[in-house]
1. Quick check on this structure: which one of Phe92, Phe104 is free of Cβ contacts under 8 Å to residues at least 40 places away in the same chain and assigned to a strand (DSSP E or B)?
2. Filter the range 93-122 for residues that are of a type in the set (A, V, I, L, M, F, W, C) and surrounded by 19 or more Cβ atoms within 10 Å (Cβ to Cβ); which is farthest from Lys26 (Cα to Cα)?
3. So which residues in the range 83-108 are more than 22 Å from Leu38 (Cβ to Cβ) and of a type in the set (D, E, K, R)?
4. Would you tally the residues in the range 72-82 being surrounded by 14 or more Cβ atoms within 10 Å (Cβ to Cβ) and part of a strand (DSSP E or B)?
5. Name the single residue that is surrounded by the fewest Cβ atoms within 10 Å (Cβ to Cβ) among those in the range 22-36 being more than 16 Å from Ala8 (Cα to Cα) and among the hydrophobic types (A, V, I, L, M, F, W, C).
Amino acid sequence: MLESGCKAVKEGVLEKRSDGLLQLWKKKRCILTEEGLLLASPKQQPQPQPQQPAQQQQQQPGAEPAAKIKELHFSNMKTVDCVERKGKYVYFTVVMAEGKEIDFRCAQEQGWNAAITLQMVQYKNRQAILAVRSTRQKQQHLAQQPHGPRIRSASNSA
C-alpha cells in the first residue's frame with residue numbers, strides 16, 4: 001500500500017522523454033495504482049516500504065525525496081495513445097486534461113501502455129458509477145420529501 005492508500009497494481013521502470021530542448025529519454029521508477037501513475041527517479045524506492053521504517057523516518061524531516069515524486073492522476077488524464085512499436089520499444093503518449101502530452105517508452109513485452117489504459121478506464125468507470133448513484137440518491141431524497149404547505153401567491157389569496 002502507498003501513502004495515498006492505493007495498492008500498487010504494477011511497478012517498474014519506464015523511460016520518459018524530457019521536456020528540454022534535447023528531449024532525452026530518462027528512466028523513471030513508475031508505480032501504477034488504481035488512482036494514477038507515480039513517477040520517481042530510478043534510484044528512489046517506492047514508498048512506503050514496510051521493511052524500511054528507519055529509512056523513512058530519516059527522509060521525512062528533509063522531505064526532499066518525496067518532492068521528486070510526480071503523480072499523474074487519472075482524473076487529470078484524458079487518454080493514452082499508443083504511438084508506435086519500433087524495434088524493442090513501444091512508444092506511447094499520456095495526454096493530460098489540460099492538453100499536455102507526456103511521451104513514454106518501454107520494452108514491448110512490459111505492456112505499460114495497456115496497463116495504464118486499463119486502470120484509467122476502470123477509474124473513469126468507477127467515477128461515472130459514483131456520479132450516477134449520487135444523482136439517483138438526490139432524486140430519491142427529493143421525491144421522498146413531503147411537499148408541505150404551499151405558499152400561495154398574493155394574487156391567488158384574494
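The values are calculated or read from the model by the stated rules, or taken from the named source; none is laboratory data. Here the structure is a predicted model, which means the values were calculated and not measured. Glycine gets a Cβ as well: all are built from the backbone with ideal geometry, and neighbour counts include every protein chain shown.
1. Phe92
2. Applying the filter and picking the extreme gives Met120.
3. Correct list: Glu84, Arg85, Lys86, Lys88.
4. Number of matching residues: 6.
5. Leu22
Each row is one residue, and each column tells you yes or no for (1) at pLDDT 90 or above; (2) among the hydrophobic types (A, V, I, L, M, F, W, C); (3) more than 17 Å from the chain's Cα centre (by Cα).
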| residue | (1), (2), (3) |
| --- | --- |
| Met1 | no, yes, no |
| Pro46 | no, no, no |
| Gln51 | no, no, yes |
| Met77 | yes, yes, no |
| Cys82 | no, yes, yes |
| Arg85 | yes, no, yes |
| Val90 | yes, yes, yes |
